Amino acid sequence: MSVSVDTQFVHKMWNETELSKMVDGGVPFPMIADAAGHLGKAYGVYDDEAGVDVRGRFIIDPDGMVQAMEVLTPPVGRKVEESLRQIKAFQHVRKTSGAEVTPSGWEPGKKILKPGPDLVGHVWEVWKPGDE
Amino acid sequence: MPEKAIGCARPTGSVVGEEPAKDTESTEPERKEVPVNKIMVGRKAPDFTAPAYHAGEFKQVKLSDSLGKWVVLCFYPGDFTFV
């Protein structure tokens, strides 16, 4: 879902005049209107001087738990692939009930770590920065 | 088809999956600022209801209706900018 302080009516116009020309069929998810910034405030991303929600991205799991958040100032855009990578990593951890965790740069099919007393001090034996 | 009333964007004052706490002591009909737990990874997300545009329709979205699915909630400064 996306959120900005624009109304749902402006969202409709943006989708029709521009986004539907970038994505077949237009935006597939709800575009939320946060006209007064209440949601932005609840998520700590409302800039009350500028009157807008800044670039905050939250990954929320099926239990409603916030698993990740990223907040950027407006001039720099995000990388969708990184959000997808994080979701896949959180899904992997969830599938293994936390028995397997994903080291930095992990992508599906790459090395995972199994946390436990035996791993402490021995991460270097099973994982190196080049394994990313 | 009866049109559902669409209100403004409001945190419910609770986290997803939980009913908002009833304040029985308060005599005020509605509190203006609903206290919301600080957002934090590993904690429940603040729940909300909000108007939205989706698939050609205007509708009311409630975050907790998405329980059971992964949700990416993406804030951005304004329409007609990049994301």
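A few comments on the model shown:
Residue by residue, here is whether (1) hydrophobic (A, V, I, L, M, F, W, C); (2) at pLDDT below 95 holds:
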{"position": "A:2", "(1), (2)": "no, no"}
{"position": "A:35", "(1), (2)": "yes, yes"}
{"position": "A:63", "(1), (2)": "no, no"}
{"position": "A:89", "(1), (2)": "yes, no"}
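- For residue A:84: the one exception among (1) assigned to a helix (DSSP H, G or I); (2) not assigned by TED's automatic domain parsing to the domain that holds residue A:126: (2)
- Sole exception among (1) surrounded by 11 or more Cβ atoms within 10 Å (Cβ to Cβ); (2) basic (Lys, Arg); (3) closer than 28 Å to residue B:81 by Cα for residue A:114, by number: (3)
- Single residue of segment A:38-56 satisfying the filter (assigned to a loop (DSSP other than H, G, I, E, B) and more than 7 Å from chain B (Cβ to nearest Cβ)) that is surrounded by the fewest Cβ atoms within 10 Å (Cβ to Cβ): A:49
- Breaking point among (1) within 7 Å of chain B (Cβ to nearest Cβ); (2) more than 29 Å from residue B:68 (Cβ to Cβ); (3) among the small types (Gly, Ala, Ser), for residue A:35: (2)
- Taking chain B and the strands (runs of 3 or more DSSP E) fully enclosed by it, the elements with 3 or more residues that are more than 7 Å from chain A (Cβ to nearest Cβ) and at pLDDT 95 or above are at B:57-62.
- All of (1) of a type in the set (S, T, N, Q); (2) surrounded by 12 or more Cβ atoms within 10 Å (Cβ to Cβ); (3) more than 30 Å from residue A:47 (Cα to Cα) hold for residue A:86 with one exception: (3).
- Residue list for segment A:19-32, filter: more than 7 Å from chain B (Cβ to nearest Cβ) and either assigned to a helix (DSSP H, G or I) or under 13 Å from residue B:77 (Cα atoms) (or both): A:19, A:20, A:21, A:22
- Filtered residues of segment A:1-54 (kept if within 18 Å of residue A:83 (Cβ to Cβ), hydrophobic (A, V, I, L, M, F, W, C) and in contact (Cβ under 8 Å) with a residue 40 or more places away in the chain): A:3
- Flag for residue A:77 being without any contact (Cβ under 8 Å) to a residue 24 or more places away in the chain, at the interface with another protein chain (Cβ under 7 Å from one of its Cβ atoms) and loosely packed, with under 15 Cβ neighbours inside 10 Å: yes
- Residue A:102 falls short on exactly one of the conditions (1) outside the structural domain of residue A:127 (by TED's automatic domain parsing); (2) surrounded by 18 or more Cβ atoms within 10 Å (Cβ to Cβ), and that condition is (1).
The values are calculated or read from the model by the stated rules, or taken from the named source; none is laboratory data. In this text the structure is predicted, and so the values were computed from the model without any measurement. Note that each Cβ is placed from the backbone with ideal geometry, even for glycine, and that neighbours are counted across all protein chains shown.
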